[in-house]
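*Asks:* Here it is: the structure, laid out below.
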Amino acid sequence: MAELHCPEAAAVHEKWFGGADRRYGDDVRSRLEAAFALSRADHLRARAWRSGLRTTSAGLFEQVDLLATPTCGIARKVI
């Protein structure tokens, strides 16, 4: 859920990001541009979603001991 980590990333990079500065790769630049475009309402909805997910997850772990998931949210092309 990008709406959760994007505002934090935007806040950290705000003082360095912008203009013709090319220190950021195109992939990072596009994600930061999207982060700056998110509204406070988007972020608050994402936080509410995360709260519901935590509640659901807590109930799930009353039934199972292990949940296997992918470890990387972004697939990278290996050359």
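*Asks:* Select from the range 23-56 the residues that are closer than 16 Å to Val12 by Cβ and open to solvent by 70 Å² or more (accessible area, probe 1.4 Å) and write down the one among them that is farthest from the chain's Cα centre (by Cα). Can you show your working first?
*Replies:* Start the filter on the range 23-56 by keeping residues that are closer than 16 Å to Val12 by Cβ, which leaves 23-24, 28-29, 31-36, 38, 43.
When the remaining residues are screened for being open to solvent by 70 Å² or more (accessible area, probe 1.4 Å), the result is 23, 31, 33, 36.
Numbers: Arg23: 21, Arg31: 9, Glu33: 13, Phe36: 13 Å.
Per the criteria, the residue is Arg23.
*Asks:* Related question: Do you know which of the residues in the range 4-22 that are open to solvent by 50 Å² or more (accessible area, probe 1.4 Å) and part of a helix (DSSP H, G or I) is modelled with the lowest pLDDT?
*Replies:* My answer is His5.
The values are calculated or read from the model by the stated rules, or taken from the named source; none is laboratory data. Small disclaimer: the values here were computed from a predicted structure and weren't measured. Positions of Cβ are backbone-derived with ideal geometry, glycine not excepted, and every protein chain shown enters the neighbour counts. Only protein heavy atoms, including side chains, enter the accessible area calculation; ligands, DNA and RNA are left aside. Shrake-Rupley method; radii C 1.70, N 1.55, O 1.52, S 1.80 Å.
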